[in-house]
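The values are calculated or read from the model by the stated rules, or taken from the named source; none is laboratory data. These numbers come from a predicted model, not from an experiment. With ideal geometry, Cβ positions are generated from the backbone for all residues, glycine too; neighbour counts draw on all protein chains shown. Note: accessible area is taken over every heavy atom of the protein model, side chains too, but ligands, DNA and RNA are not part of it. Shrake-Rupley method; radii C 1.70, N 1.55, O 1.52, S 1.80 Å.
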Amino acid sequence: MEFKHKSVLLTECIENLNIKPSGIYVDGTLGGGGHSYEILKRLNDDGKLIGIDRDNEALKAAGEKLQEFSNLYTVHDNHANIINILKELNISSVDGILLDLGVSSYQLDEQSRGFSYMHNAKLDMRMNQEDSMSAYDVVNNYSEDELERIFYEYGEERYSKSIAKKICERRKEKPIITTFELVDIIKASMPAKALNEKQHPAKRVFQAIRIEVNEELIKLKQTIIDMIMSLNDGGRLVIITFHSLEDKIVKHTFEEMEGRCTCPKDFPVCVCHFKSYGKILNKKPIISNEEELQDNARARSAKLRVFERKL
């Protein structure tokens, strides 16, 4: 299957990166290369773009899409390792970083990857297929308490307890191997009214398992801090999130890095000596317009936040 992914909030990302033609930029989630293509178009021969992705299929597809550009450097790694990645490339700091934290259309639509509750496939959900732990391991090896926790924390699933219990009961009979087997268990664990809601009943659990398999939230705060500290003066970090848990971490980490005086208002001078590493450029997240939503329904939950580094 061809690697396809519609770049969300493309215009808004490019505008907020404030690209310098001779600058050095990072696309921490290269994907199909849509955002990177627009960045590279705005760079001259002295500019550089480092494209990072955990998915070898994404790197291959992006390499083909962006083959006309000689100043693209692709890296098969997790963007959480940004400090080491830049160090290995002998780059001390960069002028902008983009993170699109969504799952690609390819990963959702390619049945063999096991990300989607709409296709029957082996439970997988690994963004990096070289990783050892898959969705199969989570579903079949986690304790009932662990399953309940991740369904509730990462999926905000109301019926996390009953779903976890039903999974553990079913896997005593035989391992749960496919996505549709898991979907059936989830549906069987819910009251009838929940099955008639607009949202697919398995959406939250599949999200939770995907987050657990790929450690999407565990390292996010430190990754944001590392990326901000890797920016030049005036450099910008642009992040797109697709669910409230990610957005909350981005929002709160940006606020911490912006820094705020905690002294009482009647103090004549600041004595708390707060440290600011820059400023948030949009207090409210940027969202997709109606035109984009008509073209790409998956953009509906996207939120974009921007932080500018100040030395």
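The table for this structure:
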| quantity | calculated |
| --- | --- |
| Ratio of Rg to Rh over the stretch 172-238 (Cα coordinates, Kirkwood Rh, two decimals) | 1.24 |
| Mean Cβ neighbour count within 10 Å, used as a protection proxy, ranking 140-148, 303-311 highest first | 303-311, 140-148 |
| Length gained when the stretch residue 291-residue 310 is fully extended (0.36 nm per residue, less Cα-Cα span) | 3.4 nm |
| Per-residue SASA entry for residue 200, accessible area with 1.4 Å probe, Å² rounded to 10 | 50 Å² |
| Accessible surface ranking that places the most exposed of 13, 270, 263 first, with a 1.4 angstrom probe | 270, 263, 13 |
| Solvent exposure, largest accessible area first (probe 1.4 Å, DNA, RNA and ligands not counted), of 262, 74 | 262, 74 |
| CD proxy at 222 nm, helix term only [per DSSP H run n ≥ 4: -39500 (n - 2.57); per residue of the chain; nearest 500] | -11500 deg cm²/dmol |
| Within a Gaussian network of the chain (alpha carbon springs, distance under 10 Å), most fluctuating of 71, 56, 90 | 90 |
| Accessible area, probe 1.4 Å, largest first, for residues 224, 177 | 177, 224 |
| Residue-level accessible surface for residue 274, protein heavy atoms, 1.4 Å, Å² | 90 Å² |
| 13 Å Cα-Cα reach of residue 284 towards aspartates and glutamates, excluding residues that sit fewer than 8 places from it in its own chain | 247, 255 |
| 12 Å beta-carbon shell around residue 289, net charge (K/R +1, D/E -1) | -4 |
| Sequence-distant aspartates and glutamates (8 or more away, or on other chains) whose Cα lies within less than 20 Å of residue 87 | 27, 46, 53, 77, 95, 226, 233 |
| Approximate spin-label separation residue 122-residue 174, in nm, with each point projected 7 Å along Cα-to-Cβ | 1.6 nm |
| Å² of accessible area per residue within the chain, as computed with a 1.4 Å probe and no ligands counted | 50 Å² |
| ³J(HN,Hα) computed for each position of the stretch 50-55 - Karplus, 6.51 cos²θ - 1.76 cosθ + 1.60, integer Hz, glycine/proline x | 9, x, 10, 7, 7, 9 |
| Carbon plus sulfur fraction of accessible area for the stretch 153-231, probe 1.4 Å, in percent | 51 percent |
| Relative contact order (percent, whole number), the chain, Cα cutoff 8 Å, 6+ residue spacing | 18 percent |
| Sequence-distant lysines (8 or more away, or on other chains) whose Cα lies within less than 27 Å of residue 172 | 122, 161, 187, 203 |
| Bins of 10 Å, starting at 0 and running to the largest distance - Cα pair percent for the stretch 71-220 | 10, 38, 30, 14, 7, 1 |
| Charged-residue dipole, Cβ positions (Lys, Arg, Asp, Glu), the stretch 210-304 about Cα centre, Debye nearest 20 | 300 debye |
| Estimated FRET transfer efficiency when R0 is 22 angstrom, pair residue 77-residue 109 (beta carbons, to 0.05) | 0.35 |
| ³J(HN,Hα) computed for each position of the stretch 301-306 - Karplus, 6.51 cos²θ - 1.76 cosθ + 1.60, integer Hz, glycine/proline x | 9, 6, 9, 10, 10, 10 |
| Rh (Kirkwood; distinct C-alpha pairs) - the chain, Å | 20.8 Å |
| Centre separation in Å (Cα based) which lies between the stretch 91-111 and the stretch 153-216 | 26 Å |
